[in-house]
1. From the residues 211, 187, 176, which one has its Cα farthest along the dipole of the chain in the positive direction, the dipole being from +1 and -1 charges on Cβ of Lys/Arg and Asp/Glu about the Cα centre?
2. In degrees from 0 to 90, rounded to the nearest 10, what is the angle of the helix 166-175 Cα long axis to the longest principal axis of the chain?
3. Summing +1 for each Lys or Arg and -1 for each Asp or Glu, what net charge is found among the other residues whose Cβ lies under 14 Å from the Cβ of residue 260?
4. Only counting other Cβ atoms within 10 Å, I'd like 37, 58, 264 sorted with the fewest neighbours first.
5. Between residue 238 and residue 64, what is 0.36 nm times their sequence separation minus the Cα-Cα distance? Round to one decimal in nm.
6. Which whole-number percent gives the relative contact order of the stretch 67-134, counting Cα pairs below 8 Å spaced six or more residues apart?
7. I need the shape label for the stretch 54-154. Rule: rounded when a/c is under 1.5, else prolate if a/b > b/c, else oblate, with a, b, c from the alpha carbon gyration tensor.
8. Once a ≥ b ≥ c are taken as the square roots of the eigenvalues of the Cα gyration tensor of the stretch 46-86, is the result rounded (a/c under 1.5), prolate (a/b larger than b/c) or oblate (a/b not larger than b/c)?
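What follows draws every value from the coordinates through simple rules; no lab data is involved. Quick caveat, the model's predicted, so the values are computed rather than measured. So basically every Cβ, Gly included, is an ideal-geometry build from the backbone, and we count neighbours across all protein chains shown.
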Amino acid sequence: MTARPEVTDCTLDLNDGVATLTMNRHDVRNAVTGTAIIDDILAVTDWINRDQSVKVLIVTGAGSAFCAGGNIKDMAERGAEFAGNPAEIAEHYRSTVQRMPIAMHGCEAPVIAAVNGAAVGAGFDLMNMCDMRLISNKAKMGETFVNLGIIPGDGGAWFMQRLIGYQRAAELSLTGRLITADEALEYGIALEVLAPDDLLPRAQEMARDMAGKPTTALRLTKRLLKMAQRTELPDFLDLCAIFQGVCHNEDEHMAAVTAMLERISSK
């Protein structure tokens, strides 16, 4: 087991293979700029990729918001993260905010977003970077960058249209409107909408179910789901064959087969 990373503006819990990363800067509505939240996400996803005892990651927020994205006050004051000529700002984005989508997209364990409150701008994109989204019925969310005269610089346009298709992604991105949890469910962004008190327990229930599956098969299945988005079918099937060969040689596979046969014989 790899040592658990230190986090600064989040809390990190691990229970029975389920890690829960809670963004913990309620004072700025868990904004990802002006805080160490992005660094915490990078540290945790790197840890998960190196430690197969971590089966599933839940990402949520403390307080009333899931994540407010960029800190608007810092934008108004032309803080260090938003100042400079175009080339300087571009390089700053590459070295800070854009590391988050790369890390989230590359996380080898399943990631569940438990969206407890408002998720706007980069916060909306962060939830869309997760594999599944459970959303509080009190939450509102939106791709709000255009309202501030900027674009989704963290790759949000790439993630959202893969969830809901180009047309709806275009409508949300070009209007910058906020949507409710029920609209998110209708559009296919939310997997489930829950009462606030039921949100984290349901995320933990889902995570425990996944964490009970054989680790190699769980991680390779997620990798295949990601690669299916960009791979031609013949190449994809070759990869499936190789991954299947790996799985058939895992002790967890034979243990699962034995357990299944025992359940069948006991009926």
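1. The listed residue farthest towards the positive side: 187.
2. Tilt of helix 166-175: around 30 degrees.
3. +1
4. Fewest to most other Cβ atoms nearby, the residues stand as 264, 58, 37.
5. Residue separation times 0.36 nm, minus the Cα-Cα distance, leaves 58.0 nm.
6. Result for the stretch 67-134 is 45 percent.
7. Cα axes put the stretch 54-154 in the oblate bin.
8. oblate
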